[in-house]
Amino acid sequence: MDDLIAELGLPPRPETLPTSTVDAHTHLDTTTEYTGLAPDDALALAASVGVNRVVTVGCDVESSRFAVNCATTHRQVAAAIAIHPNDIARMSPADHEAAWEVIDELAADPAVRAVGETGLDYFRTKDPALQGVQHESFRRHIAIAKAHDRTLMIHDRDAHDDIADILDEVGWCERTIFHCYSADEPYARRVLAHETWLSFAGNITYKANQPMRDALAITPLDRILVETDAPFLTPVPLRGKKNASYLIPHTIRFIAEFRGVELADLCHQLRANAEQALGGSWGITEGGR
Ligand SMILES: [Zn+2]
Ligand SMILES: [Zn+2]
């Protein structure tokens, strides 16, 4: 494994975590494209540092199909599927309906635990008409999550209030994950009033992101998830390098220290939280590595 990462020019393996845990949001297909790590190697590397469960997330029809296939053939993987808000904004309107239909069909697959990443992204999509397309797509994904009793997995960039307003209007899902949580403490309080989990990525370690840390400080321990969103958002001290699930220990150690909790307890908690947030246990049995 160390030879492989050296060959690919990837960061060294961090110290193994004391208890096995979960990467709550990653893109195994994009990780392969960007780092050269095949899914089996990315999973083996992650497991070698204690990360033995991974949620791989789709952003369009193709990557959603990949996620379902990957989760079907790997018991340590769960799938999340959706058309990403920036992807729907790029698609021809003539193709929207067919794409949502595929997501609705795939959502019935037992390998699928979440519908997402869906939501709004005003950072990359500035055109109000295309933001309107994102609203429509978000509403369709919420309906799909509810119809199949799947967890809603939200992507939110510079659109915090509109996301919560839409959920207030149509009704919150049974379970909702805010992936790569990027808002502040008051917003955390607003969404935590519902059945939600806040998933923190490597950017929680970046100096400028104090408002996110203020949110982390008040999030109950049983509502925290940790993710890589690999291959991007690599945590300090590796910021700017390529990311993969095996690097999540840097972020988990940072959060354990920030919250003043034992690393082993946090790892265990994160695994329990992921199971709750994703509607029940999956994959490897208790104690398995
Ligand atoms: Zn995202
Ligand atoms: Zn993502």
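The values are calculated or read from the model by the stated rules, or taken from the named source; none is laboratory data. Keep in mind the model is a prediction, meaning the values are calculated, not measured. A quick note on method: Cβ atoms are made from the backbone with ideal geometry, for glycine too, and the neighbour counts reach across all protein chains shown.
Observations, loosely collected:
- Conditions (1) of a type outside the set (S, T, N, Q); (2) in contact with a strand residue (DSSP E or B) (Cβ under 7 Å, 6 or more places away or on another chain); (3) closer than 29 Å to residue 256 by Cα: number failed by residue 81: (3)
- Taking the numbered list (1) over 23 Å from residue 235 (Cα atoms); (2) outside any helix (DSSP H, G or I) in turn, residue 37 passes all entries but (1).
- Residue check for residue 166: touching a helix residue (DSSP H, G or I) at 6+ places or on another chain (Cβ under 9 Å) and within 16 Å of ligand 1 (Cβ to nearest atom): no
- Tally of residues being within 15 Å of residue 279 (Cα to Cα), within 16 Å of ligand 1 (Cβ to nearest atom) and in contact (Cβ under 8 Å) with a residue 40 or more places away in the chain across the stretch 146-163: 2
- For the stretch 176-198, the candidate set comprises residues that are within 14 Å of ligand 1 (Cβ to nearest atom) and aliphatic (A, V, I, L, M); within that set, the residue that is nearest to residue 278 (Cα to Cα) is 177.
- Close pairs from the stretch 16-40: first closer than 22 Å to residue 278 by Cα and away from ligand 1 (no atom under 16 Å from the Cβ), partner part of a loop (DSSP other than H, G, I, E, B) and among the basic types (Lys, Arg), Cβ under 7 Å, at least 6 apart: 20/289
Let's see how each residue does on (1) at pLDDT 95 or above; (2) under 26 Å from residue 194 (Cα atoms); (3) surrounded by fewer than 16 Cβ atoms within 10 Å (Cβ to Cβ); (4) away from ligand 2 (no atom under 15 Å from the Cβ):
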| position | (1), (2), (3), (4) |
| --- | --- |
| 75 | no, no, yes, yes |
| 101 | yes, no, yes, yes |
| 105 | yes, no, yes, yes |
| 117 | yes, yes, no, no |
| 126 | yes, no, yes, yes |
| 133 | yes, yes, no, yes |
| 136 | yes, yes, yes, yes |
| 147 | yes, yes, yes, yes |
| 153 | yes, yes, no, no |
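- Residue match in the stretch 202-212 (condition: within 16 Å of ligand 2 (Cβ to nearest atom), assigned to a loop (DSSP other than H, G, I, E, B) and in contact (Cβ under 8 Å) with a residue 12 or more places away in the chain): no
- Hits in the stretch 169-201 (condition: away from ligand 2 (no atom under 16 Å from the Cβ) and part of a strand (DSSP E or B)): 196
- Here is the figure for the stretch 233-264: residues that are touching a residue at least 40 places away in the same chain (Cβ under 8 Å) and not in a helix (DSSP H, G or I) total 8.
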